[in-house]
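Visitor: Have a look at this one.
The values are calculated or read from the model by the stated rules, or taken from the named source; none is laboratory data. Please read all numbers here as calculations on a predicted model, not as lab measurements. Here Cβ is always computed from backbone atoms with ideal geometry, including for glycine, and neighbour counts include all displayed protein chains. Keep in mind that these areas ignore ligands, DNA and RNA; they rest on the heavy atoms of the full protein, side chains included. Shrake-Rupley method; radii C 1.70, N 1.55, O 1.52, S 1.80 Å.
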Amino acid sequence: VQIYIDVSGSMIGYRDDILRGVLSCQHEIESEVFLFSTTVVPIRLSDLSKGVFDSTGGTDLGCVLQHLQNTGPTAAVILTDGYVGSIPASAKAALIDRSIQVVLTPSGYQEDLRDIANGFHYFYGGKK
């Protein structure tokens, strides 16, 4: 399972809670996860625990979809607010056999991800 964490500007109020949640199950996770805004950046769990990383500020799920296609995992979890833009038909077709679970913020938007997600879940951490 590959884990993708949205670190765009709209996620800043949820970042600490999401990072704590991911780190609380680090014994079940490979040595790294992936951060995204408009690019995908791998980050080791040891560095994630420091809470210091860069973001381009925007959100473009296209980089995540391309990364999934290039790396070929059978499953992925995407933590986001869901405001990621439309998904191209070619990406939908390429990811049809993947198990993609989406964890949304409390006011998260499902519509952009509906065509690729196998399930939606909600994160109930507090926005600061």
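Visitor: Considering only residues of the stretch 58-95 that are part of a helix (DSSP H, G or I) and among the hydroxyl-bearing types (Ser, Thr, Tyr), which is least open to solvent (accessible area, probe 1.4 Å)?
Guide: The residue in question is Thr71.
Visitor: Continuing with the same structure: Applying the selection to the stretch 12-41, what residues are within 17 Å of Gly62 (Cβ to Cβ) and not polar (S, T, N, Q)?
Guide: Within the stretch 12-41, Phe34, Leu35, Phe36, Val40, Val41 meet the criteria.
Visitor: Could you list, in sequence order, all residues of the stretch 1-57 that are open to solvent by 20 Å² or more (accessible area, probe 1.4 Å), assigned to a helix (DSSP H, G or I) and not charged (D, E, K, R)?
Guide: Gly9, Ser10, Gly21, Leu23, Ser24, Gln26, His27, Ser46 - these are the residues of the stretch 1-57 that are open to solvent by 20 Å² or more (accessible area, probe 1.4 Å), assigned to a helix (DSSP H, G or I) and not charged (D, E, K, R).
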